[in-house]
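What follows is a single structure, written as structure tokens, with notes after it.
The values are calculated or read from the model by the stated rules, or taken from the named source; none is laboratory data. Treat the numbers as computed from the prediction; the structure is a model and nothing was measured. So basically every Cβ, Gly included, is an ideal-geometry build from the backbone, and we count neighbours across all protein chains shown. When the accessible area is computed, the model is the full protein with side chains, heavy atoms only, and any ligands, DNA or RNA have been set aside. Shrake-Rupley method; radii C 1.70, N 1.55, O 1.52, S 1.80 Å.
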Amino acid sequence: MKQSSANLQLTAYVNDKFLPLEQAMVHIEDRGFQFADGVYEVVACFGGGYLDLDAHLQRLERSCAAIEIVLPKSLEALKDLVQQAYHKNPYEDAMVYIQVTRGVAPRSHVVNQAMQPTLVITVRDLPLPSDTKLRTGVKACTLKDIRWKHCEIKSIALLASVMGKQEASRREVDEAFWLDEKNHMLEGCATNVFAIIDGVLVTHALDHQILGGITRDMVISLAKDLGFVVQQRPWKLDEKGLTECLMSSTTNAVMPVCAVDGQAIGAGVPGEIGLKLRALMLEQFEELRHAKV
Ligand code: PDD
């Protein structure tokens, strides 16, 4: 059992070394800093059991391949580093952040020299949204999508997401959902989004406009296990028969969304299907504690 205290020393991994967090540095000419030229992952760990670590590492590999960065470690070596990073930090339930950038070079857009990619791993506490939040309900707003056209890559270039979250915070809601030109719901700044429409689980199909969330896959498979039909298609908030809205991410699990743009969704309280999916997902998290990697 780890001691859980925010005052304990945090440890970060940077380029082959574990260091106290405040001593872990990257160069100012790192292309992550200069160009946001890199990708990342956030993995949840519950009491030493990881939630779909392989799927996260495979997505990291795909993101790297998409921008032609060669992962500096094998997936097996990365897995080992993630586990070491978790054990060197004080949290029982943690989010492990992995970032890979193209590396350090004099600032030039064109990549014309061999570079050693920068690899950083940090670990933070993972408090899942509380029951109070669940009772009062998550609220969201919608914004026109201002992001680039490769949202399937988990890029560290998150300026649009930061702006979206800032706007959500100004409007005193928890998340902002991006809309395409025809007002279809795409995803949130840091979540995937779903609706229950006529009892069917509906979510945007995987394409360049959304990130293929690992938690999204879990929601889909749990819904199928419960016997629900799942449709991956464009959808709008004002569709007839829409009774629930849900969002999912590593840091939120699956969360019912009770109001969007000031309008109640269904009865304005968490719906039955969303609550059921969340309960099943949290059960799976608990099981991870007993099945440590
Ligand atoms: N965000 N869509 C976007 C744009 C995201 O940034 C995220 C995750 C998701 C959900 O993906 P997953 O289920 O694999 O966590 C969807 C992470 C948690 C973050 O940036 O902190």
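Quick notes
- Cut-off 13 Å (backbone N to label point 7 Å along Cα→Cβ of H184), residues of the range 234-259: 234-237
- Integer Hz, Karplus 6.51/-1.76/1.60 couplings in order for the range 22-31, x for Gly and Pro: 6, 9, 7, 10, 10, 5, 5, 9, 5, 5
- Structure remark: mean-square fluctuation, Gaussian network model of the chain, C-alpha springs under 10 Å; the largest value among P106, P234, P72 belongs to P106.
- Taking a ≥ b ≥ c as the square roots of the eigenvalues of the alpha carbon gyration tensor, the range 5-125 is oblate, as a/c is not under 1.5 and a/b does not beat b/c.
- Distance histogram for the range 154-262 (every C-alpha pair counted, 5 angstrom bins, percent rounded to whole numbers): 2, 12, 23, 27, 21, 10, 4, 1
- Binning the alpha carbon pair distances of the chain at 10 angstrom intervals from zero yields the distribution 6, 26, 33, 24, 9, 1, expressed in whole percent.
- Other-chain or far-sequence residues with amide H under 5 Å of G38's (modelled H): I156, A157
- Over all directions, the projected convex hull of the C-alpha atoms in the range 64-115 averages 5.0 nm² in area.
- Residue of H56, H87, H109 that the Gaussian network model of the chain assigns the largest fluctuation, springs spanning Cα pairs under 10 Å: H109
- Long-range amide H partners of D93 with built H, under 5 Å: G47, L126
- Rounded to the nearest 10 degrees, the inclination of helix 272-290 to the longest alpha-carbon principal axis of the chain is 30 degrees.
- Kirkwood hydrodynamic radius of the range 75-170, from the reciprocal of the average inverse Cα-Cα distance over all distinct pairs: 17.3 Å.
- Shape of the range 97-145, Cα gyration tensor, a/c cut at 1.5: oblate
- Of the accessible area of the range 115-211, computed with a 1.4 Å probe over protein heavy atoms only, carbon and sulfur atoms account for 55 percent.
- Relative contact order [Cα under 8 Å, 6+ residues apart], the range 1-119, whole percent: 37 percent
- Average accessible area per residue (Å²) across the chain - probe 1.4 Å, nucleic acids and ligands excluded: 49 Å²
- The helix-based estimate of mean residue ellipticity at 222 nm for the chain, built from -39,500 (n - 2.57) per DSSP H run of four or more residues and divided by its residue count, is -8500 deg cm²/dmol to the nearest 500.
- What the phi angles of the range 192-205 give under the Karplus curve with 6.51, -1.76 and 1.60, with θ = phi - 60°, is a coupling list of 8, 10, 9, 10, 9, 10, 6, x, 9, 7, 10, 8, 4, 5 Hz, glycine and proline written as x.
- Amide hydrogen proximity for E187: with H placed 1.01 Å from N in the peptide plane, the residues at 5 or more positions away or on another chain lying under 5 Å are W178.
- Max mean-square fluctuation residue, GNM over the chain, Cα-Cα springs under 10 Å, options V42, V14, V111: V111
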